[in-house]
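Take a look at the structure below.
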Amino acid sequence: MAKGFKGSCMVAAWALVLSGPAVAWETEKARVITRDAKPMECISRVSVRQVDGREAFVSPQQFYLDPGRHSLSGTVALDTRYCPVGPGNEYAAVAPLEADFEAGKTYFLGFDHSAPDRAEWSLVVWKVE
């Protein structure tokens, strides 16, 4: 075997793997992104702590769900740079969000605290791709 041939075979093999069939989440799961916020629109990042009423240990950035209806809840640290809130705790428990999740789609979750009344604040899907 010529020198360098083994290395170029490895590169070709990795290129085949990376360009091969879609990854499982793209076709079989829904992707949920929690790391992105929209502070100018009063949407803060959320940390999901429960899925379907059970404690869940998922990444604070993104995770995957089986398709179907799910209930998600967790905690949030409000980003108040552009949306100041009245006196009170800037850490809030997140009431459950019930939503349908489709395989192959990406859902962006956040906590909407744009309303003056805290009772109206909620966990939202602010974008689907």
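The values are calculated or read from the model by the stated rules, or taken from the named source; none is laboratory data. Every value quoted in this text rests on a predicted model; they were computed, and no experiment measured them. Ideal geometry is used to build each Cβ from the backbone, glycine not excepted, and the neighbour counts take in all protein chains shown. Heads up: the accessible areas ignore ligands, DNA and RNA and are worked out on the full protein's heavy atoms, side chains in. Shrake-Rupley method; radii C 1.70, N 1.55, O 1.52, S 1.80 Å.
Among the residues of segment 32-74, those that are open to solvent by less than 60 Å² (accessible area, probe 1.4 Å) and among the polar types (S, T, N, Q) comprise 34, 44, 47, 59, 62, 71, 73. Taken together, the residues in segment 99-119 that are out of contact with any Gly (no Cβ under 8 Å at 6 or more places or on another chain), over 18 Å from residue 55 (Cβ atoms) and not in a loop (DSSP other than H, G, I, E, B) amount to 8. Remark: residue 103 matches the filter, which requires a residue to be within 28 Å of residue 29 (Cβ to Cβ) and either hydroxyl-bearing (Ser, Thr, Tyr) or modelled with pLDDT of 95 or more (or both).
Could you grab me the full set of residues in segment 107-125 that are surrounded by fewer than 17 Cβ atoms within 10 Å (Cβ to Cβ) and either at pLDDT 95 or above or in contact with a helix residue (DSSP H, G or I) (Cβ under 8 Å, 6 or more places away or on another chain) (or both)? Can you show your working first?
First, the residues of segment 107-125 that are surrounded by fewer than 17 Cβ atoms within 10 Å (Cβ to Cβ): 114-120, 122, 124-125.
Selection gives 114, 124, 125.
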